[in-house]
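Asker: Attaching a single structure in structure tokens format; questions to follow.
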Amino acid sequence: MNEYEIIEATYAIRQAGATDVSSFFTVLSAYLVVAYLVGDKLSKFQLWSITGLYTLYLYFPMAATHIAVVDLAQLDAAPPGAQYLRFVLVLMWLVSIVFMIQKRRESRPTIA
């Protein structure tokens with residue numbers, strides 16, 4: 001690859017990665033809004049159905065973001081800290097699910 005092709009590939013990969021991260025945050029935000037507004041009203045089946053679909057959908061932007069980071073690393077164009085992006089996305093996914101479960105439990109009476 002010549003220098004122009006490397007620069008062009010770097011910009012294309014960064015743009016694709018940014019699109020994937022934007023998609024991730026859009027779906028994450030929607031899930032958190034659902035958790036906050038109606039999480040306490042959901043049945044167990046609804047909770048796990050929504051969470052399963054959410055997880056299935058988020059897998060693809062997370063995987064694509066990981067591939068973009070790997071591709072940028074191969075071109076020596078990865079931004080600092082990019083290797084931690086996968087960890088941060090998975091952590092945000094887990095925290096959002098914990099938030100949903102806690103919101104659901106808020107309205108459920110505890111048996112003493």
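Asker: Please state which of the following conditions Gly17 fails to meet, knowing it meets all the rest: (1) at pLDDT 95 or above; (2) touching a helix residue (DSSP H, G or I) at 6+ places or on another chain (Cβ under 7 Å).
Answerer: Failed condition: (1).
Asker: Would you be able to tell me the number of residues in the stretch 37-52 that are farther than 17 Å from Leu94 by Cβ and not aliphatic (A, V, I, L, M)? Spell out the reasoning first.
Answerer: Within the stretch 37-52, the first condition is being farther than 17 Å from Leu94 by Cβ, and the residues that meet it are 37-38, 40-46, 49.
Filter again for not aliphatic (A, V, I, L, M), leaving 40-41, 43-46, 49.
Qualifying residue count, the stretch 37-52: 7.
Asker: Right, another one. Mind listing whichever residues of the stretch 48-86 are farther than 20 Å from Ile7 by Cα, modelled with pLDDT of 90 or more and under 10 Å from the mean Cα position of the chain (by Cα)?
Answerer: Tyr54, Thr55, Tyr57, Leu58, Tyr59, Phe60, Pro61, Met62, Ala63
Asker: Separate question: Could you list, ordered by first residue, the pairs with Cβ atoms under 6 Å in which the first is in the stretch 2-14 and in contact (Cβ under 8 Å) with a residue 60 or more places away in the chain and under 12 Å from Ala78 (Cα atoms) and the second is in a helix (DSSP H, G or I) and not hydrophobic (A, V, I, L, M, F, W, C), at least 6 apart or interchain?
Answerer: Hits for this filter: Ile13/Asp71.
The values are calculated or read from the model by the stated rules, or taken from the named source; none is laboratory data. Note that the structure is predicted; figures quoted are calculated from it, not measured. All Cβ positions, even for glycine, are placed from backbone atoms using ideal geometry, and neighbour counts span all protein chains on display.
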